[in-house]
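Student: Starting off with a structure, shown below.
Please treat every number below as a calculation from the coordinates, not as lab data. Quantities reported herein were computed from a predicted structural model and do not represent experimental measurements. Quick reminder, even Gly has a Cβ in these numbers, built from the backbone with ideal geometry, and neighbours come from all protein chains shown.
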Ligand code: NDP
């Protein structure tokens, strides 16, 4: 520390604030109007060497576990998350911020249902709306920023009979002290042979992925829920005409989405209609439609078909270990728990009531906090600050 010459003989216990005056007169310093003087009794020595103070160093919370340091095992973790939709990646954000360095087995088609969702207008924080894939890219970036290890592989098998739990993906065995299952639900198909044959040749379940290919074409969307109405509206950006085909005369979709479709001059809504066949050899050329009221069949020319009829929960690999309900969704115990101690559940894989990105994200947060507390209780991870999430 440098000292002013005239201070050299001052007593050592001088008031450290001597000479400091601060005016609280309320002036606007941003405009150069400070309203009064601010002066410091001693000059500030910018080139002063750091003071040599030795403080005891705290061990970083979470250090010393199997995943710490350069010798960490890439297939061993305290917490493994299966799924990479809003639930899985929110769990990853929370778990990685708690220094758990989670492994995320994201699936070969990562990102969940939002990857096949166009404009998301109800996710808080995006007043102008955001495209589903863009939102998921942000989730992933945030999870990776805090140390999540994300692998784009499908889980083929699990063994939850003992801990560490064992999970296999692309032939590799992963071991985890705890697991969050967030595998979501997948799009349903009509189940027609012609639909399968022409998938990727005019038949799609993803408007954001494929809409671009239908510029100035006449296309149809099947379904009467929010997905179908949203996709139909989105596809009007490209298509010359979008026919919305619904098998009943009332809609599951929210009123605002139905009104928007009816108001859109590019959308024609057809109720009491079912798709009996997709017509065409190398690509979609038409549809065979049944009028459910009269049973009449009609062939109509059409250049594309988007299927938007709901979802099936992705629970197959867990059925030997976890409870499922009559619709095939996982059953949760006590918010995020399962019947296996240390296995937690989040998102659409159990929730067929709300099924929203924001509720799935909230679920992922809860599952990560519960997993972290469970690991702590087992003595597997060190206590973090309870409020440090
Ligand atoms: P839904 O289950 O709500 O709707 C599925 C629709 O497909 C129903 O209208 C159903 O008809 C119809 N359908 C089902 N099977 C067939 C079939 N074999 N042939 C013809 N039609 C069929 O699923 P969604 O995917 O639309 O929505 C799922 C959830 O996600 C909902 O809770 C929805 O609110 C939410 N969501 C929210 C969005 C948003 O807020 N931005 C966007 C998208 C979805 P029927 O009515 O006769 O059963």
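Student: In nm, give the distance between the simple-model label positions of residue 320 and residue 209, each being 7 Å from the Cα along the Cα-to-Cβ direction.
Tutor: Result: 2.9 nm between the two label points.
Student: To the nearest 0.05, how large is the calculated FRET efficiency for residue 159 and residue 312 if R₀ is 25 Å and r is the Cβ-Cβ distance?
Tutor: 0.55
Student: Here is a follow-up. How much length is gained on full extension from residue 193 to residue 73, taking 0.36 nm per residue of separation minus their Cα-Cα distance?
Tutor: Between residue 193 and residue 73, full extension yields an extra 38.7 nm.
Student: At what distance in nm do the modelled label points of residue 248 and residue 142 sit from each other, each positioned 7 Å from its Cα along Cα→Cβ?
Tutor: 3.5
Student: 7 Å from Cα along Cα→Cβ at both residue 255 and residue 201: what's the point-to-point distance in nm?
Tutor: Each label point is offset 7 Å from its Cα along the Cβ direction, giving 4.5 nm.
Student: Here is a follow-up. So for the range 240-363, Kirkwood radius off the Cα pairs, Stokes-Einstein at 10 °C and 1.306 mPa s: how many µm² s⁻¹?
Tutor: 89
Student: Give the distance, in whole Å, between the Cα centre of the range 168-210 and the Cα centre of the range 106-167.
Tutor: 13
Student: A further question on this structure: So what is the orientation-averaged projected area of the range 193-309, using the convex hull of its C-alpha atoms, in nm²?
Tutor: 6.4
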